[in-house]
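K.L.:
Supplied in structure tokens, the structure appears directly below.
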Amino acid sequence: MEINKIYNNNCLEFLPTIEDKSINSCITSPPYYKQKNYKSVNQLGQEKSVDEYLNNLLLTFTEISRILKDDGTCFINLGDVYINKCLQRLPFKLADLLCDNLGWTLRNIIIWHKPRCIPNSTKDSFTVDYEPVLFFSKYKNYYFEQQFDPHTNAYTIDCIKKAALLPPDHQSSYDIFNKEKRHENKSNNKLSRGDLGKRMNPLGRNKRSVWKINPADSSLKHIAMFPEELIIPFVKGGCPPNWNNN
């Protein structure tokens, strides 16, 4: 398979052509059930029943599991649907299928919060302004590069800045783990901002699981394009820098 090339194929026809355990990570958003008719033969999303739809998704992800490396990951954005006013819980039913049938591990459910969501006319329920992204690993031991949210607290930022000004061999006289030593000199029983900053990660805090991202703008006739801001953490998290040699 060539890299940096778009393959426009039916996934169940194309995936079997990819060799086993050759892919680091999969990022995908399958067609939602009964949401858009792409008018193609054997398309996903237009099945006669939810069970048939979920079974076809399972067939697809069975192939994806085959081509994922043993330390691989998969990120699935899947919207839900109402039938007879009842929410079908499709993302969670799919999660159960993948864990039970493929042995995958569900590591996170990321909430993609859309401040600029598509409005609806409902008056007997709340407007849905989010979609889940299911984060799976093929096995319990997997590759993942920690992602960070930048610090926003002014005190934290100031501590990190002051820590950067300390000499490399700086040692604090305050030992947070030694109570007796802390009380030897009561006038020196507090950490300075610089000392506090040395205990903080300058890259930020571990990335949270609710992401506030507007849908992507596009001149194309497609209302469901991935915004880059949503995808970049998945690519960085799931793909090693030396992926092509791994």
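The values are calculated or read from the model by the stated rules, or taken from the named source; none is laboratory data. Keep in mind the model is a prediction, meaning the values are calculated, not measured. Neighbour counts run over all protein chains shown; Cβ positions are idealised from the backbone, glycine included. Just so you know, the surface numbers come from the protein's heavy atoms only, side chains and all, with ligands and any DNA or RNA stripped out. Shrake-Rupley method; radii C 1.70, N 1.55, O 1.52, S 1.80 Å.
K.L.:
How many percent of the accessible area of the chain is carbon or sulfur, using a 1.4 Å probe?
P.N.:
C and S fraction of accessible area: 51 percent.
K.L.:
Rounded, prolate or oblate: which one fits the chain, using the alpha carbon gyration tensor with axes a ≥ b ≥ c (rounded when a/c is under 1.5, else prolate when a/b beats b/c, else oblate)?
P.N.:
prolate
K.L.:
Counting Lys and Arg as +1 and Asp and Glu as -1, each charge on the Cβ, what is the dipole of the chain about the Cα centre in debye, to the nearest 20?
P.N.:
For this selection, approximately 920 debye.
K.L.:
Here's something else I'd like to know. In sequence order, what are the phi-derived ³J(HN,Hα) couplings for the stretch 191-199 according to the Karplus relation 6.51 cos²θ - 1.76 cosθ + 1.60 with θ = phi - 60°, rounded to whole Hz, with x for glycine and proline?
P.N.:
For the stretch 191-199, the Karplus curve yields 6, 6, 4, x, 5, 4, x, 5, 8 Hz.
K.L.:
Follow-up question, since we're still on this one. What's the angle, to the nearest 10 degrees (0 to 90), between helix 90-102's Cα axis and the longest principal axis of the chain?
P.N.:
The two axes meet at around 90 degrees.
K.L.:
Rolling a 1.4 Å sphere over the protein heavy atoms, what is the accessible area per residue of the chain, to the nearest Å²?
P.N.:
Solvent-accessible surface per residue comes out at 67 Å².
K.L.:
Still on this structure, please answer the following. Based on the alpha-carbon gyration tensor of the stretch 37-164 and its eigenvalue square roots a ≥ b ≥ c, which shape applies: rounded if a/c is under 1.5, prolate if not and a/b is larger than b/c, or oblate?
P.N.:
Note, shape of the stretch 37-164 comes out oblate.
K.L.:
Ok, one more. If R₀ is 41 angstrom, what is the calculated FRET efficiency for the pair PHE14 and ILE111, using the beta carbon separation as r and rounding to 0.05?
P.N.:
Approximately 0.85, to the nearest 0.05.
K.L.:
Based on the mean of other Cβ atoms within 10 Å per residue, sort peptides 122-134, 68-80 so the most packed one is first.
P.N.:
68-80, 122-134
K.L.:
Further question on the same structure: Report, in degrees rounded to the nearest 10, the 0 to 90 angle that the Cα long axis of helix 228-238 makes with the longest principal axis of the chain.
P.N.:
70 degrees
K.L.:
If you don't mind, another one. So which of LYS21/LYS140; LYS69/LYS140; LYS48/LYS85; LYS93/LYS123; LYS36/LYS212 end up more than 20 Å apart, counting from Cα to Cα?
P.N.:
As for pairs spanning more than 20 Å Cα to Cα, those are LYS93/LYS123; LYS36/LYS212.
K.L.:
Work out the charge dipole of the chain with +1 on the Cβ of Lys and Arg and -1 on the Cβ of Asp and Glu about the Cα centre, then indicate which of MET1, PRO119, ASN101 is farthest towards its positive end.
P.N.:
Toward the positive end, the furthest listed residue is PRO119.
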